[in-house]
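A short worksheet on the structure shown next.
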Ligand SMILES: C[S@@+](CC[C@H](N)C(=O)[O-])C[C@H]1O[C@@H](n2cnc3c(N)ncnc32)[C@H](O)[C@@H]1O
């Protein structure tokens, strides 16, 4: 079950950006629900190329205080372990690392696209280039996994999270986010039973989910 909290006091309507017919929506659903068949080297190469091409302008076009609000609100109200070890998957040019700066004990960032990582500020967190379909981390290694506008690879997220760990799921433009999954779909895609909390903040929403 997912409990919906009251809206944060800073919400704004997201600008119209992507609807249900956006091509990334199809990829998002396939990766979350169709298992390993939905992702292969060709698709990984295509997605990496897409984001490498957008990397130079990404921070200017897609990172802002308003879009950081759901991340900050999740830390404030999402009942997550700030003292634990965090992994951000699909960390891009560092939006999450900047929002988490000074709030969490330890953070590792990872992303498929080398150019996105190269455009992230150095010194905030170690940056690892890797594919989230096969994370180079041990089972039960992290207390929290943060994903902001990122494809959900459910089995890998569940594998690297400790039994009491939390997935922090953020769509910074709500249902206008190209890579969008509502909280109930995230819970349904994860293996086993998960419960959590969600709320709207800024132009988007967050959900924190842990094993029931
Ligand atoms: C929409 S961007 C979001 C970036 C950042 N989280 C933000 O909100 O600014 C999606 C990011 O996920 C990365 N990504 C996509 N597929 C991935 C995969 N299989 N493994 C790791 N990163 C991936 C992309 O390279 C890109 O940086």
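For a Förster distance of 35 Å, can you work out the FRET efficiency between the beta-carbons of residue 122 and residue 42, rounded to the nearest 0.05?
On the way: r = 31 Å, r/R0 = 0.90.
Computed FRET efficiency for residue 122 and residue 42: 0.65.
How do 47, 148 line up, fewest other C-beta atoms within 10 Å first? Please report the intermediate quantities before stating the final value.
Details: 47 18, 148 27.
Starting with the residue having the fewest Cβ neighbours, the order is 47, 148.
When the chain is fully extended, how far beyond the present Cα-Cα distance does residue 4 get from residue 17, taking 0.36 nm per residue of separation? Please list the in-between numbers first.
On the way: separation 13, 0.36 × 13 = 4.68 nm, distance 2.43 nm.
Going from the current span to full extension adds 2.3 nm.
Could you line up 21, 131 from fewest to most neighbouring Cβ atoms inside 10 Å?
The most exposed by this proxy come first: 21, 131.
Would you give the gap between the C-alpha center of the range 34-54 and the C-alpha center of the range 171-191, rounded to a whole Å?
Rounded to whole Å, the Cα centres lie 19 Å apart.
For the chain, what is the mean residue ellipticity at 222 nm derived from helices alone (per DSSP H run of n ≥ 4: -39500 (n - 2.57); sum divided by total residues; nearest 500 deg cm²/dmol)?
Details: 7 runs with 71 residues, N = 212.
After summing the helix terms and dividing by the residues of the chain, the value is -10000 deg cm²/dmol.
So if R0 is 41 Å, what FRET efficiency would residue 79 and residue 134 give, r being the distance between their Cβ atoms, rounded to the nearest 0.05? Working shown, then result.
Working: r = 30 Å, r/R0 = 0.72.
According to the calculation, E is roughly 0.90.
Can you give me the relative contact order of the range 71-149 as a percent, contacts being Cα pairs under 8 Å and 6 or more apart? Numbers along the way, then the final one.
Working: 137 pairs, mean separation 29.2, N = 79.
For the range 71-149, the relative contact order is 37 percent.
Compute the relative contact order of the chain as a whole-number percentage, counting only Cα pairs closer than 8 Å that sit 6 or more residues apart in sequence.
Values: 445 pairs, mean separation 63.3, N = 212.
Value for the chain: 30 percent.
Give me the Debye-computed log₁₀ of I(q)/I(0) at q = 0.12, 0.13, 0.14 Å⁻¹ for the range 77-149, equal point scatterers on Cα only, no solvent, two decimals.
Debye curve over Cα of the range 77-149, log10 I(q)/I(0) at q = 0.12, 0.13, 0.14 Å⁻¹: -0.28, -0.33, -0.39.
Å³ per residue of the Cα convex hull, for the range 131-212? Walk me through the numbers before you get to the answer.
Working: hull volume 6.5 nm³, N = 82.
Taking the convex hull of the Cα positions in the range 131-212, it is 80 Å³ per residue.
Which whole number of Å³ per residue matches the convex hull of the alpha-carbon atoms in the chain?
Details: hull volume 23.0 nm³, N = 212.
Cα convex hull per residue, to the nearest whole number: 109 Å³.
Kirkwood Rh, the range 1-88, all Cα pairs: how many Å?
On the way: mean 1/r = 0.0602 Å⁻¹.
When all Cα pairs of the range 1-88 are included, the Kirkwood radius is 16.6 Å.
Throughout, read-outs are computed from the coordinates displayed, never taken from laboratory work. Predicted, not measured: the structure shown is a model, and the values here were computed from it. FYI the Cβ positions are ideal-geometry reconstructions off the backbone, even for glycines, and counts take in every protein chain you see.
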